Amino acid sequence: MLDASDEGYVTEDGRRIGGVLMEMKNITLRFGGVKAITDISFDIREGEIRAIIGPNGAGKSSMLNVISGFYVPQEGEVWYKGAKRPPMKPYQVAQLGIARTFQNIALFEGMTVLDNVMTGRLNYMKTNMFQQALWKGKAEAEEVENREFVEKIIDFLEIQSIRKTPVARLPYGLKKRVELARALAAEPSLLLLDEPMAGMNVEEKEDMSRFILDVNDEFGTTIALIEHDMGVVMDLSDRVVVMDYGKKIGDGTPDDIRSNQAVIDAYLGVAHD
Ligand SMILES: Nc1ncnc2c1ncn2[C@@H]1O[C@H](COP(=O)(O)OP(=O)(O)OP(=O)(O)O)[C@@H](O)[C@H]1O
Ligand SMILES: [Mg+2]
């Protein structure tokens with residue numbers, strides 16, 4: 001068990017985790033007669049790597065979609081940075097500093113890697129299209145600044161060699177990395193990753209794990225991720241929420257989760273992808 005005070009806690013590997021960044025309170029989400037999420041509460045702390053796990057259809061992506069504003073829950077409250085968040089559109093949530101990747105990659109396939117990553121900076125582009133078309137000084141300065149930041153992210157994720165390649169030509173593992181780059185281009189305080197390693201081979205998973213740890217370490221980004229590979233989850237995360245049939249059946253450190261009988265019965269003890 002963790003001895004977490006309001007100010008946070010120190011992890012086994014000596015990282016300092018801060019206060020509560022996001023709190024989900026009694027969230028219930030229905031699609032017609034289907035209850036995707038039933039009365040779930042949990043928090044995400046500053047600087048933490050928080051995993052959400054559970055069997056297929058458990059409601060994990062739905063939960064991420066509530067956090068990112070794609071779905072508005074019928075019941076419950078979402079608190080962010082100490083304030084209750086009113087129902088918001090995804091672009092408004094993005095403006096709060098929350099970025100995400102998707103379970104099914106959502107990139108502009110015909111565009112280059114560089115242009116895809118640039119779309120992650122749209123929230124930082126204040127000049128309008130008309131001004132940009134006229135190439136006024138302000139628009140130019142802004143473009144240069146955004147471009148520099150994007151190049152930094154591209155270097156960080158080691159995708160310089162494919163910057164000018166159309167995304168459609170990339171193998172799956174690299175597309176996942178480009179999607180991460182686009183999310184990072186938004187300079188998020190909270191990064192949401194929906195199955196960042198799904199469909200990857202061992203080597204690609206190791207690379208992605210290293211990048212996730214580096215993002216957390218070097219940018220101080222708080223990360224919430226959904227993942228089915230238990231080795232990866234237990235290695236990366238500070239705390240884990242376990243969902244099953246829309247309910248929360250476990251919440252704690254990887255050690256807590258490994259020894260939680262309900263979690264073993266529902267998920268860890270059975271074969272899954
Ligand atoms: N837009 C939607 N409309 C109707 N039902 C939905 C919708 N999105 C999700 N659901 C239902 O909600 C439940 C939870 O789905 P969700 O995608 O959140 O599960 P998951 O835990 O992410 O599963 P997986 O591991 O397969 O990705 C499922 O029964 C699903 O069919
Ligand atoms: Mg899912």
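In Å², what does the accessible area per residue of segment 176-263 work out to with a 1.4 Å probe?
36
Starting from the amide H of Met243, placed 1.01 Å from N in the peptide plane, find each other amide H under 5 Å away whose residue is 5 or more places distant or on another chain.
Answer set, sorted by chain and number: Ile53, Gly54, Ile249.
Express the carbon and sulfur contribution to the solvent-accessible surface of the chain as a percent, rounded to the nearest whole number, probe 1.4 angstrom.
Values: 6790 of 13250 Å².
Heavy-atom surface of the chain belonging to carbon and sulfur, 1.4 Å probe: 51 percent.
Name the long-range amide H neighbours of Arg100: under 5 Å, sequence gap of 5 or more, or other chain; modelled H, no Pro or chain starts.
When sequence neighbours closer than 5 places are left aside, the close amide H contacts are Leu192.
Considering only DSSP beta bridges whose two residues both sit in the chain, what percent are antiparallel, to the nearest 5?
For the chain, the DSSP antiparallel bridge percentage is about 60.
Given the -39500 (n - 2.57) contribution per DSSP H run of 4+ residues, what per-residue ellipticity at 222 nm results for the chain, rounded to the nearest 500 deg cm²/dmol?
Result for the chain: -10000 deg cm²/dmol, rounded to the nearest 500.
Provide the per-residue ³J(HN,Hα) series for segment 224-235, in order, calculated from phi with Karplus coefficients 6.51, -1.76, 1.60 and θ = phi - 60°, each as a whole number of Hz, with x at glycine and proline positions.
Listing the rounded values in order: 10, 9, 9, 7, 8, 6, 5, x, 5, 4, 5, 5 Hz.
Compute the longest continuous run of the chain that contains no exposed chymotrypsin sites (Phe, Trp or Tyr not before Pro); treat a site as exposed when its DSSP state is not H, G, I, E or B and it has at most 15 other Cβ atoms within 10 Å.
The answer is 136-244.
Give the value in nm², to one decimal: projected area of the alpha carbon convex hull of segment 104-187, averaged over all directions. Before the final figure, lay out each step's value.
Details: hull surface 22.0 nm².
It is 5.5 nm².
Exposed loop sites here are GluC sites (Glu not before Pro) in DSSP loop states with at most 15 other C-beta atoms within 10 Å. What is the longest stretch of the chain lacking them?
159-273
Set the bar at 32 Å for Cα to Cα. Now go through Lys25/Lys175; Lys60/Lys175; Lys152/Lys247 and name every pair that lies beyond it.
From Lys25/Lys175; Lys60/Lys175; Lys152/Lys247, over 32 Å: Lys25/Lys175; Lys152/Lys247.
Once you place label points 7 Å from the Cα toward the Cβ at Phe31 and Glu218, how far apart are they in nm?
According to this spin-label approximation, the distance is 3.7 nm.
Just to confirm a number: summing +1 for Lys and Arg and -1 for Asp and Glu over residues other than Met234 whose beta-carbon lies under 14 angstrom from that of Met234, what do you get?
Net local charge, Met234 excluded: -4.
Once fully extended, how much extra length lies between Glu148 and Glu12, figured as 0.36 nm per residue of separation less the alpha-carbon to alpha-carbon distance?
Taking 0.36 nm per residue and subtracting the Cα distance, the gain is 45.4 nm.
Per-residue HN-Hα couplings for segment 14-21, Karplus 6.51 cos²θ - 1.76 cosθ + 1.60 at θ = phi - 60°, whole Hz, x for Gly and Pro?
Working through the residues one at a time gives x, 7, 8, 9, x, x, 6, 8 Hz.
Report the equivalent ellipsoid semi-axes for the chain in whole Å, largest first, defined as the square roots of five times the eigenvalues of the gyration tensor built from alpha carbon atoms.
Values for the chain, descending: 32, 21, 19 Å.
Show me the trypsin sites (Lys or Arg not before Pro) within segment 144-196 that DSSP assigns to loop and that have at most 10 other Cβ atoms within 10 Å of their Cβ.
Qualifying residues, ordered by number: Lys164.
The values are calculated or read from the model by the stated rules, or taken from the named source; none is laboratory data. Note that the coordinates shown come from a computational prediction; the quantities given were computed from them, not determined experimentally. Counting neighbours? That spans all protein chains shown, and the Cβs are built from the backbone with ideal geometry, glycine included. Ligands, DNA and RNA are excluded from the accessible area calculation, which covers all protein heavy atoms including side chains. Shrake-Rupley method; radii C 1.70, N 1.55, O 1.52, S 1.80 Å.
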